[in-house]
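I have placed the structure first, in the form of structure tokens, so that the comments after it can refer back to it.
The values are calculated or read from the model by the stated rules, or taken from the named source; none is laboratory data. Remember, it's a predicted structure, so these values are computed and weren't measured experimentally. Here the Cβ is made from the backbone with ideal geometry for all residues, glycine too, and neighbour counts use every protein chain on show. Protein only, heavy atoms only, side chains kept; ligands, DNA and RNA dropped before computing areas. Shrake-Rupley method; radii C 1.70, N 1.55, O 1.52, S 1.80 Å.
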Amino acid sequence: MFSAEEDYLKILYELSHETDSLYVKSSVLAKTFNYTMQSINEMIKRMAKKGFVEYVPYKGIKLTTLGKSEALRLIRAHRVWEVFLAEKLGLPWEALHEEAEKLEHVTSEEVLNRLYEYLGKPTHCMHGNPIPSAEGFINKNKDQSLWISKKGWFKITRVIDDKDLLSYLNDLSITINTEIFIDKKDDYAGIIYIKNDDEIHAITKQIAGSIFGLPVN
């Protein structure tokens with residue numbers, strides 16, 4: 001399988017998982033990859049012939065059992081490598097995705113399983129995403145976005161893996177397991193005010209929607 005096809009499988013799974021839907025619209029894929037509809041349709045036809053996806057008119061694209069299995073294997077490899085790169089090589093979390101992306105495509109099942117054992121069987125990557133098991137099981141995220149959360153203490157458990165976002169959070173001294181205080185929210189302006197290390201920060205709705213966690217009682 002080509003690495004481009006593997007990228008499609010991962011994105012299809014992640015989009016389906018996030019929306020809790022079997023189907024992903026071609027237009028959503030085009031927007032995610034920033035590709036033309038023609039390029040998307042050509043790739044989907046190719047992958048359908050190989051048995052990885054199925055296209056249903058007016059519904060969209062869904063992964064077959066084979067496609068889902070391969071997608072979870074790739075996601076598992078990607079997230080395990082991120083843990084290794086951070087814990088053993090000391091790479092910052094904003095640099096992990098790009099390097100793990102290269103490694104996931106060339107990692108055998110045996111090496112992946114040995115790496116997973118060597119790292120102590122991690123359950124989540126450095127951005128807070130669950131790592132699928134070797135059998136293809138993955139835990140459902142039970143957190144909520146910062147934007148929809150109420151005033152009070154909030155523990156960050158997951159962030160969207162976006163390089164600019166992660167660099168921005170570094171500047172605010174915010175990472176996984178950081179506990180912040182939600183002070184107030186201005187719905188009209190699209191701003192939420194949080195307190196961290198005795199400093200108040202104004203976070204936009206877009207950024208707050210990319211940060212997830214749980215209220216702290």
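Within segment 165-195, the residues that satisfy the criterion of being free of Cβ contacts under 8 Å to residues at least 40 places away in the same chain, in a loop (DSSP other than H, G, I, E, B) and surrounded by 13 or more Cβ atoms within 10 Å (Cβ to Cβ) are Leu172, Ile174, Thr178, Gly190. Taking the numbered list (1) more than 27 Å from Asp162 (Cβ to Cβ); (2) in contact (Cβ under 8 Å) with a residue 12 or more places away in the chain; (3) in a helix (DSSP H, G or I); (4) of a type outside the set (D, E, K, R) in turn, His78 passes all entries but (1).
Looking at Asp198, Asp162, which one is open to solvent by 20 Å² or more (accessible area, probe 1.4 Å) and touching a residue at least 24 places away in the same chain (Cβ under 8 Å)?
Details: Asp198 fails: touching a residue at least 24 places away in the same chain (Cβ under 8 Å).
That would be Asp162, the only listed residue that is open to solvent by 20 Å² or more (accessible area, probe 1.4 Å) and touching a residue at least 24 places away in the same chain (Cβ under 8 Å).
Mind checking which residues of segment 202-213 are part of a strand (DSSP E or B) and in contact with a Phe, Trp or Tyr (Cβ under 7 Å, 6 or more places away or on another chain)?
Our first condition is that a residue be part of a strand (DSSP E or B); within segment 202-213, this holds for 202-204, 211-213.
Residues satisfying the conditions are Ala202, Gly213.
Within segment 87-97, is there a residue that is surrounded by fewer than 19 Cβ atoms within 10 Å (Cβ to Cβ), part of a helix (DSSP H, G or I), more than 14 Å from the chain's Cα centre (by Cα) and among the hydrophobic types (A, V, I, L, M, F, W, C)? Yes, some residue in segment 87-97 is surrounded by fewer than 19 Cβ atoms within 10 Å (Cβ to Cβ), part of a helix (DSSP H, G or I), more than 14 Å from the chain's Cα centre (by Cα) and among the hydrophobic types (A, V, I, L, M, F, W, C).
Could you please let me know if Glu18 is touching a residue at least 24 places away in the same chain (Cβ under 8 Å) and either closer than 24 Å to Gln144 by Cα or crowded, with 20+ Cβ neighbours inside 10 Å (or both)?
Working: touching a residue at least 24 places away in the same chain (Cβ under 8 Å): no; either closer than 24 Å to Gln144 by Cα or crowded, with 20+ Cβ neighbours inside 10 Å (or both): yes.
Against the criterion (touching a residue at least 24 places away in the same chain (Cβ under 8 Å) and either closer than 24 Å to Gln144 by Cα or crowded, with 20+ Cβ neighbours inside 10 Å (or both)), Glu18 does not qualify.
Consider Met47 carefully, then state whether it is over 24 Å from Lys142 (Cα atoms), open to solvent by less than 10 Å² (accessible area, probe 1.4 Å), hydrophobic (A, V, I, L, M, F, W, C) and assigned to a helix (DSSP H, G or I). So Met47 fits the description; yes.
In segment 203-215, the qualifying residues are those that are open to solvent by 50 Å² or more (accessible area, probe 1.4 Å) and not basic (Lys, Arg), and the one that is nearest to Asp143 (Cα to Cα) is Leu214.
Is it the case that Lys121 is assigned to a loop (DSSP other than H, G, I, E, B), modelled with pLDDT under 95 and not hydrophobic (A, V, I, L, M, F, W, C)?
Numbers: assigned to a loop (DSSP other than H, G, I, E, B): yes; modelled with pLDDT under 95: no; not hydrophobic (A, V, I, L, M, F, W, C): yes.
The answer is no for Lys121.
Taking the numbered list (1) loosely packed, with under 15 Cβ neighbours inside 10 Å; (2) assigned to a strand (DSSP E or B) in turn, Asn113 passes all entries but (2).
Do the conditions hold for Lys155, that is, is it over 17 Å from the mean Cα position of the chain (by Cα), buried (at least 20 other Cβ atoms within 10 Å of the Cβ), in a strand (DSSP E or B) and among the charged types (D, E, K, R)? Judged against the criteria, Lys155 is not a match. For Lys31, indicate whether it is free of Cβ contacts under 8 Å to residues at least 24 places away in the same chain, open to solvent by 50 Å² or more (accessible area, probe 1.4 Å) and within 30 Å of Arg158 (Cβ to Cβ). Here the answer is yes, as Lys31 does meet what is asked. Taken as a whole, the structure places Lys68 among residues that are open to solvent by 40 Å² or more (accessible area, probe 1.4 Å), in contact with a Leu (Cβ under 9 Å, 6 or more places away or on another chain) and closer than 30 Å to Tyr116 by Cα.
Test Lys142 against the stated conditions and say whether it is out of contact with any Asp or Glu (no Cβ under 9 Å at 6 or more places or on another chain), under 30 Å from Thr65 (Cα atoms) and not in a strand (DSSP E or B).
On the way: out of contact with any Asp or Glu (no Cβ under 9 Å at 6 or more places or on another chain): yes; under 30 Å from Thr65 (Cα atoms): yes; not in a strand (DSSP E or B): yes.
It is true that Lys142 is out of contact with any Asp or Glu (no Cβ under 9 Å at 6 or more places or on another chain), under 30 Å from Thr65 (Cα atoms) and not in a strand (DSSP E or B).
The listed residues are Ile40, Ile75, and the only one of them that is open to solvent by less than 40 Å² (accessible area, probe 1.4 Å) and more than 16 Å from Pro132 (Cα to Cα) turns out to be Ile40.
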